[in-house]
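Shown next, in structure tokens, is the structure this report addresses.
We did not get these values from a lab; they are worked out from the coordinates using the rules stated. Nothing here was measured: the structure is a model prediction, and the numbers come from that model. Ideal geometry is used to build each Cβ from the backbone, glycine not excepted, and the neighbour counts take in all protein chains shown.
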Amino acid sequence: MQPRPEHFDDNGSAWVQGKATDTPCAPLQGERELDVAIIGGGFAGVSAARAFSARHPELGVGLLEAKSLGNGASGRNGGMVLNWVNGHSSKDPEELKRVFEVTRGAIDGIAARAPEGAFARSGCLEVYTSAQRAEKAEAAAQRLAAAGVPVQWLDRQALGERLAVAGGQGAIFDPTAGTLDGVAYLRAERAALLERGVQVFEGTVVTRVETGERVVLHTPEGRVRARTLVLATNAWTPLLGFFRDGILPLHSHAVATGPLDEAARAGLGWGEVGGFSDDLDRISYASMSASAGLVFGGGSNASYAYQYGGPTVFQGDRSPGLAAVERRLGAYLGGAPPIRHRWTGTLGVTLSRVCTVGALAGQPNVLYALGFSGHGIALANLSGEVLVDIYDSETARWHGLPFFQQRLLPIPPEPLRWLGYQAFTRLTGKSPRRSM
Ligand SMILES: Cc1cc2nc3c(=O)[nH]c(=O)nc-3n(C[C@H](O)[C@H](O)[C@H](O)COP(=O)(O)OP(=O)(O)OC[C@H]3O[C@@H](n4cnc5c(N)ncnc54)[C@H](O)[C@@H]3O)c2cc1C
């Protein structure tokens with residue numbers, strides 16, 4: 001199966017709905033010769049375009065996006081810009097410190113580039129919902145702090161001052177994390193890319209890729225030849241014939257209030273904090289920002305879906321999933337506030353949940369940055385730096401990091417894939433996540 005327009009739906013998230021109409025770049029028409037062709041206009045693709053055009057201004061760089069920048073997960077997320085690598089854990093404080101420093105650098109980069117009001121370094125909480133897990137998390141936070149990672153442990157009372165979340169027994173507070181309006185950010189990045197001479201084509205689905213010394217990208221009205229290809233296509237990657245058994249399209253429902261004034265925030269028990277996630281496998285998360293207000297997602301199996309055959313667009317009735325999200329929000333914050341926006345985004349999930357940035361074995365001119373799943377804002381925005389280092393064969397600073405050339409574990413084909421997802425989610429639906 002090849003990517004067609006129906007594999008991409010319009011972004012109905014609060015990040016888009018609350019903004020003025022956008023003017024995307026024109027679609028590709030005709031033939032183009034490029035040095036570096038990037039497919040995908042989310043954080044990963046834009047980060048690649050930025051890194052290649054900054055480090056190598058002599059290269060012809062082009063980015064092709066099926067809809068408009070930020071139409072995928074990058075414009076539909078929970079807005080929390082978090083440290084760490086999803087799916088990675090370690091007992092070694094020094095290793096954790098190295099991972100933290102890398103992701104912290106990524107957050108600093110976002111903060112430096114974000115347009116006025118799009119990023120806030122308001123800190124985020126990881127809330128623990130059982131006394132036993134809170135005790136372990138407190139010990140972990142202390143070990144991290146001793147290793148120089150600037151996280152703080154908040155007990156129940158201190159947590160309550162920041163966020164009155166029902167069942168919260170304590171939380172790890174990361175003051176370096178924050179919130180990002182990904183759509184505002186990507187629209188500003190588009191202007192910066194165009195200024196640097198990057199060719200951006202929106203409304204341009206790449207329907208077929210021919211690999212070789214020169215890759216050829218086919219689109220409905222044109223064709224691109226390039227020396228190097230970057231796949232930044234997240235959940236859609238298998239449609240192009242790459243990582244068919246490595247990436248699973250997982251749908252994730254979210255809701256938002258739209259902008260809230262101070263009184264409304266206080267009424268929700270929300271103090272000065274950017275967001276929180278909890279310690280359960282069907283993770284709940286929420287953020288508070290000026291442009292989207294309270295964004296909430298997750299919280300139960302019903303709020304995520306893998307559909308048989310792996311469609312990249314959610315098919316069928318979303319209302320039970322969205323209702324489950326709203327119920328969980330009500331349970332956490334003691335009554336759900338009025339919801340104005342409801343949407344679904346698609347994650348590209350790997351079996352280990354760890355993302356990967358690398359070059360294809362045997363095809364070193366095909367680079368990829370994939371699998372950022374539910375924790376990708378910081379890392380997808382960093383991935384361009386890793387890609388250009390791979391291009392330059394200067395990768396020492398990334399060696400040993402969990403996402404660098406991470407080999408993806410094979411996900412079995414259907415029907416085992418669907419059955420496996422059902423069995424896994426039913427078994428782990430309420431279990432605690434692996435602690436750090
Ligand atoms: C509901 C939800 C909540 C989330 N919450 C958070 C959060 O709070 N914090 C966090 O860190 N992360 C969160 N995430 C995850 C985060 O948004 C992603 O990890 C990140 O945005 C991935 O970026 P990306 O560029 O890899 O993918 P995407 O943003 O999905 O971009 C891929 C792009 O490629 C394009 N594309 C694909 N195939 C083709 C083709 N053939 N031709 C042309 N274009 C193509 C798509 O249209 C898309 O725009 C959340 C995600 C969702 C869905």
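Which ordering of Glu213, Glu221 is given by a fewest-first count of other beta-carbon atoms within 10 Å?
Glu213, Glu221
Using amide H atoms built in the peptide plane, which far-off residues or other-chain residues are under 5 Å from Leu34 H to H?
Arg225, Ala226, Arg227
Per-residue ellipticity at 222 nm for the chain, helices alone: DSSP H runs ≥ 4 residues times -39500 (n - 2.57), over residue total, nearest 500 deg cm²/dmol?
Value at 222 nm, helices only: -9000 deg cm²/dmol.
So what does the Cα-only Debye profile of region 16-68 read at q = 0.25 Å⁻¹, as log10 I(q)/I(0), no solvent term?
Debye intensities relative to I(0), on a log10 scale: -1.05.
For the chain, what is the largest minus smallest coordinate of the Cα atoms on each principal axis, given in angstrom and ordered from greatest to least?
62, 47, 45
In whole Hz and in residue order, list the ³J(HN,Hα) couplings for region 148-153 that follow from phi through the Karplus curve 6.51 cos²θ - 1.76 cosθ + 1.60, θ = phi - 60°; x for Gly and Pro.
With coefficients 6.51, -1.76 and 1.60, one gets x, 8, x, 9, 10, 8 Hz.
Sequence-distant or interchain residues sharing an amide H contact under 5 Å with Gln199, placed H: which?
Val61, Gly62, Leu63
Just to check I understand the Karplus step: with θ = phi - 60° and J = 6.51 cos²θ - 1.76 cosθ + 1.60, what whole-Hz values come out for region 276-284, glycine and proline as x?
Computed from phi, the couplings for region 276-284 are 8, 10, 10, 9, 9, 4, 8, 4, 9 Hz.
List the residues whose amide H sits under 5 Å from the amide H of Leu163, counting only those 5 or more places along or on another chain, with H placed 1.01 Å from N in the peptide plane.
Gly271
Among Ala14, Gly45, Cys124, whose Cα projects farthest towards the positive end of the dipole of region 12-145, with charges put on the beta-carbon of Lys, Arg (+1) and Asp, Glu (-1)?
The residue sitting farthest along the positive end of the dipole is Cys124.
Does region 1-105 classify as rounded, prolate or oblate by the C-alpha gyration tensor (a ≥ b ≥ c root eigenvalues; a/c under 1.5 gives rounded; else a/b over b/c gives prolate, otherwise oblate)?
Verdict is oblate for region 1-105.
Quick one, what does Rg over Rh come out to for region 143-226 if you take C-alpha atoms and the Kirkwood Rh?
1.30
Quick one: compute the contact order of region 1-109, relative version, from alpha carbon pairs under 8 angstrom and 6+ residues apart, as a percent.
Here the relative contact order equals 27 percent.
Sorted from fewest to most neighbouring beta carbons within 10 Å, what does the list Arg407, Arg76 look like?
Arg407, Arg76
Could you derive backbone 3J(HN,Hα) for region 234-241 from the dihedral phi with the Karplus parameters 6.51, -1.76 and 1.60 (θ = phi - 60°), listing whole Hz in sequence and x where the residue is Gly or Pro?
Result, rounded to whole Hz: 6, 5, 8, 3, x, 5, 8, x.
Normalised by the empirical 2.2 N^0.38 Å for globular proteins, what value does the Cα Rg of region 269-318 take?
Expressed relative to 2.2 N^0.38 Å, the Cα Rg reads 1.44.
Normalising by the residue count of region 284-436, find the relative contact order in percent from Cα pairs under 8 Å and 6+ residues apart.
That works out to 20 percent.
Report the normalised scattering of region 301-436 as log10 I(q)/I(0) at q = 0.10, 0.11, 0.19 Å⁻¹, calculated by the Debye formula with identical scatterers on the alpha carbons.
Treating every Cα as an identical point scatterer, log10 I(q)/I(0) equals -0.47, -0.57, -1.22.
Taking the chain as a Gaussian network, where each spring joins two C-alpha atoms under 10 Å apart, which residue of Gly45, Gly334, Gly297 fluctuates the most?
Highest fluctuation of the listed residues: Gly334.
Compute, for region 51-98, the length of the dipole vector about the Cα centre, with Cβ point charges of +1 (Lys, Arg) and -1 (Asp, Glu) only. Units Debye, rounded to 20.
In total the dipole reaches around 140 debye.
What's the tally of Lys pairs in the chain whose alpha-carbon atoms lie under 28 angstrom apart, where the two lysines are 8 or more places apart or on different chains?
Lysine pairs, 8 or more places apart or on different chains, close enough: 5.
If you wrap region 22-169's Cα atoms in a convex hull and average its projection over all directions, what's the area in nm²?
So the mean shadow area of the Cα hull is 12.2 nm².
Distance from the Cα centre of region 42-96 to that of region 139-166, in angstrom?
If we compute the Cα centre of each part, the gap is 28 Å.
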